[in-house]
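This report concerns only the one structure given below.
The values are calculated or read from the model by the stated rules, or taken from the named source; none is laboratory data. Just so it is clear, the structure is predicted and the values come from calculations on it, not from any experiment. Glycine also receives a Cβ, built like all others from the backbone with ideal geometry; neighbour counts cover every protein chain displayed.
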Amino acid sequence: MNSIYHEFALLLMVSAVIGAIAVRLRQPLLVAYIVVGIVVGPAVLGWVSAHDQIDLLAQIGITVLLFVVGLKLDLKHIRHIGPVALATGLGQLGFTIVFGFFIILALGKGWLEALYVAVALTFSSTIIIVKLLSDKRELDSLHGRIAVGFLIVQDLAVVIAMMVMSGLGGMGEEGTSGGMLALTLLVRLGGAALLLYVLMRYVLPRIVDTLARSQELLLIFAIAWGTALAALGETAGFSKEAGAFIAGFSLASTAYREAISARLASIRDFLLLFFFIDLGSKLDFSTLGDEIGTSIVLSLFVLIGNPLIVMAIMGTMGYRKRTGFLAGLTVAQISEFSIVFVAMGISLGHVGNSALGLTTLVGLITIALSSYMILYSQHLYAWLAPWLGMFERRHPFRELAVEHAHRDGVRPDVIVFGLGRYGSRLAHALKQQDIQVLGVDFDPEVVRAQQNHGMNAHFGDGEAPDFVESLPLKDVPWVVSTLPDHASNQALLHALTLNHFNGHIAIVARDETEAEHLAHLDQVEVLHPFNQAADFAALDLAARIASAELSPAKESP
């Protein structure tokens, strides 16, 4: 390369091209970034020479990543983690660490490397999962909320693990006893907790209130605060990652955390590009081939074992197999934190580069496959449902609790499947017109809330023919579906056909692509909520403009 600037320009262009291919393949960008690092690294093209500059940007990227994670963990949100999310999160963590540790030991690794990799296998990517669930409009669903809850538990766990392992930096040194290490760690943790309390209570709120008058200055302060505490954390014997998290957590209770987080998101994503490029360019392919068999075994453990333990816990706690399955798929991967955690272990001298290469391979396999598993979860569930009965109680009480509540004997005029924002608004508007409405939703909390607002709402799965058969379909004029995806609507139509429904069917289309799919279906009327809202707003605004033009102008005094 002629200069470092030219090298960076080329790296960014290659990243954009490979990133575009990844998006086309519906893969997370971090997979693309690791591939970029491999392609431009010594293993393939050998274009990377500015290792120091890339490494510095990578370290700042990790600092910003952990800072943003800490920023999102408001104490109020942590206190409201539900018992299901807490039990599921802790259960999955314990299962993966214990069984993963013994599997890795059996594969011939040392105990410390086995411990690091086993802990790394427990973490799922909050960024990827939230993005996938949001794209599928499942973030507010029952399984989506439970998944977000145990992702918070995982985020807390990864930071605690980082602080503990970085605090044990002298592990293995001669003359250092385990008791002394534990005592030193407790003293440092206590000092950090005391300092954090004083800062959050008396210092930071006043500083942030003053700096918030300028959004640009607030952003600079956030980055400065994150990097300063990262450096302080390393000096205190922890790690930069732990210090960066504490910096973000110290600002999580302020009124400006959302503004700071929103502004840092793009900076985080840009800087993380260099972390993954640096990671990919440093992978030693001469030893990586020896880890392929191990990585496949561990990938299968994550892809199958993690969802199974989540399903088992949720089934025991009274949820149906479908809810447990959809929530379990969200932990069928490891995350960027897994790679960061093992990379920290290398910097502390606890593990070698082989552990990082193994973790990266498992990450590439599980992230790539689990993304498709989450995207096509409904099809996957339909295929596997007959074998999942063991993960459901005979009486799944948490979901059955609202299934038979508030039913009446009045024949409905309309059955509305899906009581989200649009579906519930539509149902209440129809009810105000003296139309008998029956609402159906798979989320027991949504059903209970609608029942409390006077809605005749039933809990149930509109994709299950047995449940649809239990509904009062005979002589019902209309069925309206506001279900969020095409696969769910197809399953509902199939269930209605099996039960010989003869009335009219209307389905809400969220975008033009979905509308085109629905247009090919017979006897289905397509509703376009966004188009109808825009048309109504245009007519209303035009009437207001015409009224203003026709009204006589007021005389000037």
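Some observations on this one:
- Subset tally (residues that are farther than 19 Å from L30 by Cβ and either of a type in the set (S, T, Y) or surrounded by fewer than 21 Cβ atoms within 10 Å (Cβ to Cβ) (or both)) for the stretch 347-391: 22
- A count restricted to the stretch 14-49 and to residues that are over 16 Å from L369 (Cβ atoms) and among the polar types (S, T, N, Q) stands at 2.
- Selection of the stretch 110-154 for residues being modelled with pLDDT of 85 or more and either among the charged types (D, E, K, R) or closer than 24 Å to L483 by Cβ (or both) yields only E113.
- For the stretch 488-496, the count of residues that are part of a helix (DSSP H, G or I), at pLDDT below 85 and under 25 Å from the mean Cα position of the chain (by Cα) is nonzero.
- Qualifying positions in the stretch 482-538 - in contact with a strand residue (DSSP E or B) (Cβ under 8 Å, 6 or more places away or on another chain) and among the acidic types (D, E): E525
- Count - residues of the stretch 435-445 that are under 17 Å from R322 (Cα atoms) and without any contact (Cβ under 8 Å) to a residue 60 or more places away in the chain: 2
- Residues located in the stretch 305-335, provided they are assigned to a helix (DSSP H, G or I), under 12 Å from T96 (Cβ atoms) and not small (G, A, S): N306, P307, L308, I309, V310, V331
Here is a yes/no grid of residues against (1) among the aliphatic types (A, V, I, L, M); (2) under 20 Å from the mean Cα position of the chain (by Cα); (3) buried (at least 20 other Cβ atoms within 10 Å of the Cβ); (4) at pLDDT 80 or above:
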site	(1), (2), (3), (4)
Y256	no, no, no, no
D269	no, yes, no, yes
D278	no, no, yes, yes
F285	no, no, no, no
S295	no, no, yes, yes
L300	yes, no, no, yes
I304	yes, yes, no, yes
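- When the stretch 10-29 is limited to residues that are crowded, with 18+ Cβ neighbours inside 10 Å and of a type in the set (G, A, S), the one that is farthest from the chain's Cα centre (by Cα) turns out to be S15.
- Total residues in the stretch 214-249, condition under 30 Å from H350 (Cα atoms) and either β-branched (V, I, T) or surrounded by fewer than 21 Cβ atoms within 10 Å (Cβ to Cβ) (or both): 11
- Sole exception among (1) at positive phi; (2) crowded, with 23+ Cβ neighbours inside 10 Å for Q333, by number: (1)
- Among residues of the stretch 464-523 being hydroxyl-bearing (S, T, Y) and over 21 Å from K321 (Cα atoms), the one that is surrounded by the fewest Cβ atoms within 10 Å (Cβ to Cβ) is T513.
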